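Q: I'd like to ask some things about the structure below.
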Amino acid sequence: MPPPKSLHILILGSGGREHALLNACMASPLTASVAVAPGNAGMVGAASCHALDLDDIPATVALARELRVNFVIVGPDAPLASGVVDALAAAGILAYGPARAGARLEGSKTYAKDFLLRHRIPTAHGEKFADPALALAYLRTRPLPVVVKASGLAAGKGVIIAPTLSDAERAVRALMEERVFGASGDEILIEDFMDGEEASIMLMVSGRRYVMLPPSQDHKRVGDGDTGPNTGGMGAYAPANVVTSDVERRIVSEIIEPTLDALATEGIDYRGTLYIGIMVTRDGPKVVEFNARFGDPECQVLLPLLETDPLQLMHACARGELNPGDVRFKNGATVIITLAATGYPGTPRKGDRIVLPEILPEGTQIIHAGTCRDATGNLVTNGGRVLGAFAHGATLPEAVQRAYALVAQIHFDGMHCRGDIAARQLNRPVPSR
Ligand SMILES: Nc1ncnc2c1ncn2[C@@H]1O[C@H](COP(=O)(O)OP(=O)(O)OP(=O)(O)O)[C@@H](O)[C@H]1O
Ligand SMILES: [Mg+2]
């Protein structure tokens, strides 16, 4: 373990996830200083914030050098896929997050599907296409609904679940011919639909060793009862008991162990978060997708459940020296509710004044995402997902009640949130975990 107050940290990103990462760093005895690039208004004060184009890898390395940091935590997916961790390593700077080879599990859905099928890890059957005519022909052979995915990164919007053949054909044309996601749709994946309930499994990985964080559940749709368009995530809670101990055992033996073995076999020394999107189907758990970073908003509910210092774990993963046996978790449950701007998930309106409470309800915290200061210093909205109302409680109902009590004290014009975060679990007849 590094000595106390020895880490000079740079966090890359600007959302709620990165605010939660900053909070974890601030609470750690290992932290000497924290910088964030680009950051948001809620991070100012705790950290120095620096303008940065996260797609510009040389500029990122230059900033890390200039700030003389000795540890970088990469929040979002795009810099990982572009090899920011490789570039930092070449400059002698340790970073948390997989190198480019590992990040392909998220950056290329066709690569991930080939990987899963090659290693016989449970997932939906799928095939990749670079030729729209072949893709359209294949569609006619598949059962409905069918799932059409842009292979590359598409900010969570490149997946279409098509109930009819003509919807599926339209999706193929939009991705491959109209190129609505540019090069991300030049290759597509067509896969069979999996019926079931989803859960997010987040691992902190160091080669063949890993820590599994409690299962969590995200809420992708904008509206109550899972209605309306997809978003980056309207809320999350943990632990999610859709992952019963039996399902968890199967996830470990049928998915996690084979995945880490397969990475090792293929010569990929994965270090960082591996997020496995799981569908709990009647035939058992199956992989929906991999992500190479913490989920946002799942990160916000998971880090506070760690009794062990998350920064210590990230640093150990990055060094390749993780000791999973030592890791401890807190009791209770956590919830985060996303407060979104009017227009979201379309184009959000910006610049609305935000009013926050002076005193927070017990067990709660405000997480900033799309916030900034206007010319006169007022806190205003600056993105689609503006804030997160976080709460920890002894039980899930207590955490949910606390989080909504916090929501009631926050205001900005056009603010909207879901009223049913965690309802699935609250309404489940017998908690099975
Ligand atoms: N084969 C499938 N069967 C059923 N639902 C699916 C399937 N594939 C994807 N989905 C649904 O679509 C969502 C998005 O798919 P996926 O996770 O592959 O895309 P993504 O854009 O990478 O998402 P994220 O932003 O969470 O990383 C999933 O969370 C799931 O709800
Ligand atoms: Mg993904």
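Q: Look through region 44-90, keep the residues that are in contact (Cβ under 8 Å) with a residue 60 or more places away in the chain and of a type outside the set (A, V, I, L, M), and return whichever of them is nearest to Glu18 (Cα to Cα).
A: Going through the qualifying residues, I end up with Gly75.
Q: Right, another one. So which of Ala103, Ala154 is more than 9 Å from ligand 1 (Cβ to nearest atom) and among the small types (Gly, Ala, Ser)?
A: Numbers: Ala154 fails: more than 9 Å from ligand 1 (Cβ to nearest atom).
Ala103 is the lone residue from the list that is more than 9 Å from ligand 1 (Cβ to nearest atom) and among the small types (Gly, Ala, Ser).
Q: In region 263-308, what residues are closer than 17 Å to Arg120 by Cβ and either more than 16 Å from ligand 2 (Cβ to nearest atom) or not in a strand (DSSP E or B) (or both)?
A: Leu263, Ala264, Thr265, Glu266, Thr281, Asp283, Gly284, Pro285
Q: Take Pro98 and decide whether it is crowded, with 23+ Cβ neighbours inside 10 Å, in contact (Cβ under 8 Å) with a residue 40 or more places away in the chain and in contact with a Gly (Cβ under 7 Å, 6 or more places away or on another chain).
A: Spelling it out, Pro98 is indeed crowded, with 23+ Cβ neighbours inside 10 Å, in contact (Cβ under 8 Å) with a residue 40 or more places away in the chain and in contact with a Gly (Cβ under 7 Å, 6 or more places away or on another chain).
Q: Something else: For Leu339, are the conditions met, namely being in a strand (DSSP E or B) and either within 21 Å of the chain's Cα centre (by Cα) or in contact (Cβ under 8 Å) with a residue 40 or more places away in the chain (or both)?
A: Yes, satisfied.
Q: Further question on the same structure: Which pairs turn up if I take residues in region 147-161 that are over 13 Å from Lys220 (Cβ atoms) and look for partners that are charged (D, E, K, R) and within 11 Å of ligand 2 (Cβ to nearest atom) with beta carbon separation below 7 Å, at least 6 apart in sequence or on another chain?
A: Qualifying pairs under 7 Å: Lys149/Lys109; Ser151/Lys109; Leu153/Asp77; Gly158/Lys149.
Q: Given the conditions (1) more than 30 Å from Gly383 (Cα to Cα); (2) part of a strand (DSSP E or B); (3) of a type in the set (Val, Ile, Thr), report the number of the one that Val222 does not fulfil.
A: Going through (1) more than 30 Å from Gly383 (Cα to Cα); (2) part of a strand (DSSP E or B); (3) of a type in the set (Val, Ile, Thr) one by one, Val222 breaks only (1).
Q: Now, a different point. I want to confirm something. Restricting to region 351-405 and keeping residues that are small (Gly, Ala, Ser), exposed (fewer than 14 other Cβ atoms within 10 Å of the Cβ) and touching a residue at least 12 places away in the same chain (Cβ under 8 Å), which single residue is nearest to Gln300 (Cα to Cα)?
A: Among them, the one singled out is Ala394.
Q: Further question on the same structure: Take the residues in region 246-260 that are in contact (Cβ under 8 Å) with a residue 60 or more places away in the chain and surrounded by fewer than 23 Cβ atoms within 10 Å (Cβ to Cβ); name whichever of them is nearest to the chain's Cα centre (by Cα). Reasoning before the result, please.
A: First, pick out the residues of region 246-260 that are in contact (Cβ under 8 Å) with a residue 60 or more places away in the chain: 254-255, 258-259.
After this cut, where a residue has to be surrounded by fewer than 23 Cβ atoms within 10 Å (Cβ to Cβ) as well, the list is 254-255, 258.
Numbers: Glu254: 22, Ile255: 19, Pro258: 22 Å.
Step by step, filter region 246-260, then rank; the result is Ile255.
Q: Inspect all residues belonging to region 407-426 and state whether any of them is closer than 30 Å to Thr244 by Cα and assigned to a strand (DSSP E or B).
A: Taking every residue of region 407-426 in turn, none turns out to be closer than 30 Å to Thr244 by Cα and assigned to a strand (DSSP E or B).
Q: Being at pLDDT 95 or above, within 16 Å of ligand 1 (Cβ to nearest atom) and surrounded by fewer than 17 Cβ atoms within 10 Å (Cβ to Cβ), is that true of even one residue in region 108-117?
A: Yes, because at least one residue in region 108-117 is at pLDDT 95 or above, within 16 Å of ligand 1 (Cβ to nearest atom) and surrounded by fewer than 17 Cβ atoms within 10 Å (Cβ to Cβ).
Q: Being of a type outside the set (Val, Ile, Thr) and either buried (at least 20 other Cβ atoms within 10 Å of the Cβ) or assigned by TED's automatic domain parsing to the domain that holds Leu313 (or both) narrows it down to one residue among Leu203, Leu165, Leu136; which is it?
A: The conditions single out Leu203.
Q: Check region 162-171 and report whether any residue there is within 9 Å of ligand 1 (Cβ to nearest atom) and in contact (Cβ under 8 Å) with a residue 24 or more places away in the chain. Spell out the reasoning first.
A: Of the residues in region 162-171, the ones within 9 Å of ligand 1 (Cβ to nearest atom) are none.
Scanning region 162-171 turns up no residue that is within 9 Å of ligand 1 (Cβ to nearest atom) and in contact (Cβ under 8 Å) with a residue 24 or more places away in the chain.
Q: Still on this structure: Select from region 65-82 the residues that are over 18 Å from the mean Cα position of the chain (by Cα) and part of a loop (DSSP other than H, G, I, E, B) and write down the one among them that is farthest from ligand 1 (Cβ to nearest atom).
A: Filtering region 65-82 for residues that are over 18 Å from the mean Cα position of the chain (by Cα) and part of a loop (DSSP other than H, G, I, E, B), the one farthest from ligand 1 (Cβ to nearest atom) comes out as Arg68.
Q: Hey, any hits in region 295-305 for a residue that's away from ligand 1 (no atom under 11 Å from the Cβ) and acidic (Asp, Glu)?
A: no
Q: Of the conditions (1) surrounded by 19 or more Cβ atoms within 10 Å (Cβ to Cβ); (2) within 16 Å of ligand 2 (Cβ to nearest atom); (3) in a loop (DSSP other than H, G, I, E, B); (4) not hydroxyl-bearing (Ser, Thr, Tyr), Ala240 satisfies every one except a single condition; which number is it?
A: The failed condition is (2).
The values are calculated or read from the model by the stated rules, or taken from the named source; none is laboratory data. If you're wondering where the values come from, they're calculated on a predicted model, not measured in any experiment. As a convention, Cβ positions derive from the backbone with ideal geometry for all residues, glycine included, and neighbour counts pool all protein chains shown.
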